[in-house]
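Everything below concerns the one structure shown next.
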Amino acid sequence: MPKFAYFEGQFVPYTDARVSIAAHAFNYGTGVFEGIRAYWNEQQEQLYVVRLREHYQRMLQSVKVLRMQLSLDADQMSALTVELLRREGYREDVYIRPLAYKANEVIGVRLHNLKDEFAIFAVPFGKYIEQQEGARVCFSSWRRNDDNAIPPRGKVTGAYVNSALIKSEAMLNGFDEAIVLNADGHVSEGSAENFFIVRGGKLITPPVTANILEGITRQAIIELARIELGIETVERQIDRSEVYMADEAFFCGTGVEVTPIGSVDHIPLGNGGVGPITRQISALYFKIVRGNEPKYLNWLTPVYPK
Ligand code: PMP
């Protein structure tokens, strides 16, 4: 269990960070959040937070969608996060969860004229999907939220009921994860991660207008593939049947990191394991986030003084 939390303006013991049963966000899902990882590097005795500032910049975009007012900027939130991790003294991989939420104890569904609060906690964390040698994936019978209903571009707490429906259906049917289609029948992403296929040596991923979260890992992989591997990414609509025909496919995100997909709807992709391009991307990604690639140290924020 964590020892501390940053909660509504101060660091408090973790067990004191509690919201009311009547809290607006608890009743109506009117919160936004981020998921950030920090990796422990044993040789360097350093904890590295991955793309910290980018996560808070995105959070401030989500904040706009929910018409929130926060007094903190991305740099201040980043500094509070580093401070929290130092207080915890973590020497292992952790997951950091910042939240901004409508805190009033009031009945009435709306976004305006409410008090917005900010909190962070951080917990030790391992793999999000256990199967790392070719996840068994299905297409969900659910559809992704539409931008005109609950915008997936904002990381809104209430919207994750959609993700939870998708994830549980998949797991209870014996799969590790699901790909979800938009209302128009094209691929959006996984339950809580972005999605890529490899066809003819190129990466293909749905565009940011496909009701996806504009993933920080997604963008990082597009850049890495181009700069380090000379592989271009095409951002375009993907049909369901194209996924069956893909040479390789993988999920990516802070939680799932790079998770290779072995089969979709029981149809094996490639040899049903981890494809060669996916393996290269994954190796590069893990080397960078753990702080073992000097060229990309600017992606990372060290928690402890050197
Ligand atoms: N899509 C959804 C719906 C997500 O919740 C997430 C984050 N867990 C992602 C994609 C991946 O985003 P990121 O790479 O920024 O973590």
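Quick look at the numbers
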| quantity | calculated |
| --- | --- |
| Of all residues in segment 139-150 being polar (S, T, N, Q) and either crowded, with 19+ Cβ neighbours inside 10 Å or within 11 Å of the ligand (Cβ to nearest atom) (or both), the one that is nearest to Thr209 (Cα to Cα) | Asn145 |
| Search result, residues across segment 250-264 that are part of a strand (DSSP E or B) and either touching a Lys or Arg at 6+ places or on another chain (Cβ under 6 Å) or free of Cβ contacts under 8 Å to residues at least 60 places away in the same chain (or both) | Phe250, Cys252, Val258, Ser263 |
| Some residue of segment 22-43 being assigned by TED's automatic domain parsing to the domain that holds Val65, among the hydrophobic types (A, V, I, L, M, F, W, C) and either surrounded by fewer than 15 Cβ atoms within 10 Å (Cβ to Cβ) or part of a loop (DSSP other than H, G, I, E, B) (or both) | yes |
| Out of Arg153, Arg136, sole residue that is surrounded by fewer than 21 Cβ atoms within 10 Å (Cβ to Cβ) and part of a strand (DSSP E or B) | Arg136 |
| Every residue from segment 50-69 that is open to solvent by less than 20 Å² (accessible area, probe 1.4 Å) and under 14 Å from the mean Cα position of the chain (by Cα) | Val50, Leu52, His55, Tyr56, Met59, Ser62 |
| Residue, nearest to Phe286 (Cα to Cα), within segment 199-225, restricted to residues that are within 8 Å of the ligand (Cβ to nearest atom) and among the charged types (D, E, K, R) | Arg218 |
| Residue in segment 271-282 that is farther than 27 Å from Glu42 by Cα, within 16 Å of the ligand (Cβ to nearest atom) and at pLDDT 95 or above present | no |
| Scan of segment 160-188 for residues that are open to solvent by less than 10 Å² (accessible area, probe 1.4 Å), in contact with a Pro (Cβ under 9 Å, 6 or more places away or on another chain) and either within 12 Å of the ligand (Cβ to nearest atom) or in a helix (DSSP H, G or I) (or both), ordered by number | Ser188 |
| So Ile212, is it touching a strand residue (DSSP E or B) at 6+ places or on another chain (Cβ under 6 Å) and closer than 17 Å to Gly35 by Cα | yes |
| Test for Val243: is it β-branched (Val, Ile, Thr), over 15 Å from Leu203 (Cα atoms) and either open to solvent by less than 60 Å² (accessible area, probe 1.4 Å) or within 16 Å of the ligand (Cβ to nearest atom) (or both) | no |
| Matching option when the condition is under 26 Å from Arg218 (Cβ atoms) and out of contact with any Phe, Trp or Tyr (no Cβ under 7 Å at 6 or more places or on another chain), among Leu85, Leu70, Leu47 | Leu85 |
| Ile238 vs. criteria outside any strand (DSSP E or B), at pLDDT 95 or above, in contact with a His (Cβ under 9 Å, 6 or more places away or on another chain) and open to solvent by less than 10 Å² (accessible area, probe 1.4 Å) | yes |
| Selection from segment 248-258 of residues that are more than 10 Å from the ligand (Cβ to nearest atom) and either within 18 Å of Glu214 (Cα to Cα) or in the same structural domain as Ala38 (by TED's automatic domain parsing) (or both) | Phe250, Val258 |
| Near pairs, Cβ below 7 angstrom, 6+ apart or cross-chain, from segment 187-203 (closer than 20 Å to Ala164 by Cβ) to any residue that is within 16 Å of the ligand (Cβ to nearest atom) and among the hydroxyl-bearing types (Ser, Thr, Tyr) | Ser191/Ser163; Ala192/Ser163; Asn194/Thr205; Asn194/Thr217; Phe195/Thr205 |
| Index of the failed condition, Thr209 passing every other in (1) open to solvent by 60 Å² or more (accessible area, probe 1.4 Å); (2) assigned to a helix (DSSP H, G or I) | (2) |
| Segment 87-118 - residue that is touching a Leu at 6+ places or on another chain (Cβ under 8 Å) and either of a type in the set (D, E, K, R) or closer than 28 Å to Glu177 by Cβ (or both) and, of those, surrounded by the most Cβ atoms within 10 Å (Cβ to Cβ) | Ala100 |
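The values are calculated or read from the model by the stated rules, or taken from the named source; none is laboratory data. Keep in mind that this is a model prediction, so the values were computed, not measured. A quick note on method: Cβ atoms are made from the backbone with ideal geometry, for glycine too, and the neighbour counts reach across all protein chains shown. Each accessible area value is taken on the protein alone, full model and side chains, heavy atoms only, with ligands, DNA and RNA left out. Shrake-Rupley method; radii C 1.70, N 1.55, O 1.52, S 1.80 Å.
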